[in-house]
Amino acid sequence: MANKLASFFTLISGEKLSAATIVQSMEDNMYFNNRTNIHFASLLRQEKFLSKTLEVLKQSPEVVIKKLNQLRNVIVKPSNGVAFLSADLERVSV
């Protein structure tokens, strides 16, 4: 798990080398509020999150594992699922 987090961290660090990427990330932070996916997917927030997660993982991996299991339980709970369907109406109509 630590190796996977470290590879994500390296990827984000590489992205930061691009001035355009940093500017885009800063603009996104100005225009989108903290209830949007764009807010949480921010390059800057991902780096901060991954740094903290790596620290906790090194000190007490059981805490990270417990939180991941809690997240998995929320995601796979049937009442939290949504299904989107699409169809070609010309092919479906009788």
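The values are calculated or read from the model by the stated rules, or taken from the named source; none is laboratory data. All of these numbers come straight from a predicted model, not from anything done at the bench. Here the Cβ is made from the backbone with ideal geometry for all residues, glycine too, and neighbour counts use every protein chain on show.
Can you name the residue in segment 45-71 that is of a type in the set (S, T, N, Q) and either under 15 Å from ASN3 (Cα atoms) or at pLDDT 90 or above (or both) and is also surrounded by the most Cβ atoms within 10 Å (Cβ to Cβ) among such residues?
For segment 45-71, the residue satisfying everything is THR53.
May I ask you to list the residues in segment 30-44 that are surrounded by 15 or more Cβ atoms within 10 Å (Cβ to Cβ) and under 24 Å from SER7 (Cβ atoms)?
Correct list: SER42, LEU43.
Can you name the helices (runs of 4 or more DSSP H) wholly within segment 17-94 that have at least 1 residues being under 21 Å from the mean Cα position of the chain (by Cα)?
Passing ranges, in order: 19-31, 37-40, 43-59, 61-75.
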